[in-house]
Structures are given as structure tokens and as C-alpha cells.
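Each value in this text was obtained by applying a stated rule to the coordinates, not by laboratory testing. Keep in mind it's a predicted model, so treat the numbers as computed, not measured. Glycine gets a Cβ as well: all are built from the backbone with ideal geometry, and neighbour counts include every protein chain shown.
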Amino acid sequence: MSSLGLRITGIVGNIISVELFLLPLPTMYKIYSQRDVEEFPPFPHLATLLNCAVWLLYTMTIADVNMFGVAMQFLYIVIFITYGPRQLKVICFFKSKIQPLWENMERSGATAERIFGERRWEHKVHQKRTE
């Protein structure tokens, strides 16, 4: 595939990802206006937040669409925690489970360079310099 084809594919992929992250906005507006989550589950938003966070860890040096995804999913989860019943607040365990895991990875020095190797990063830096 040509360089132009790869760029077009990347742009289309980012547009689709942003649309995917914005799809729950009508639901979130309904929850906000009614001040009740009704029967809407928070699990898809927790899964998407974790997915975007893992991709952000993988691409730490590149600002990409996953930063927007993390921000949107975090906003959705805050809305769920704010307007949800007590049981839902216990289920949304971001503060108690995921944050300590992330902090342990930071303390142990588990950076993307150590996990995925130096060659990958050198290739990207060299590739950007030649463009």
C-alpha cells in the first residue's frame, strides 16, 4: 500500500474512532437531564476506557485518538457514578482497582520502551526525521 493510502486509511480510522466515542452522547444527555441512569449499564464504557488506556500506554510518545477516547469514557463514567445508585458506584471501581495497577507499573519502571524494546522507538524517530 502506498504512503498516501496509509495516511488516508489512518485518517478514516481516526474519524470512525471519534464517532464511536461520541455515540453515547445522546444517552449521557438523557441521563444528565433525568438525573437517573435507569437501566443503562456502565460496563461498555469501563471496557472502552481500559482499551484506550492500554493503547495509550502502547503509543506513549504519539498523541492520537485514544487520548480523546480516554477523556470521553472517563466523562461517561463520572456521569454514571454521579447519577447511579449505590450499587453502580461500587461496580465502577476505577479508583480502587485500575489506578493502583497503573501506579505499580509506573513504580516498577514498566515503560513502553522496556516492554516493547528500543528498536521500535528508534525506528519511529528515524522515520519521522526522514519525512
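When the Cα centres of the range 63-79 and the range 34-62 are compared, how far apart do they sit, in Å?
Here the answer is 7 Å between Cα centres.
If each residue's Cβ is checked for other Cβ atoms within 10 Å, how do F43, F80, F74 rank with the fewest at the top? Intermediate values should be presented prior to the final figure.
On the way: F43 10, F80 22, F74 15.
In order of increasing Cβ crowding within 10 Å: F43, F74, F80.
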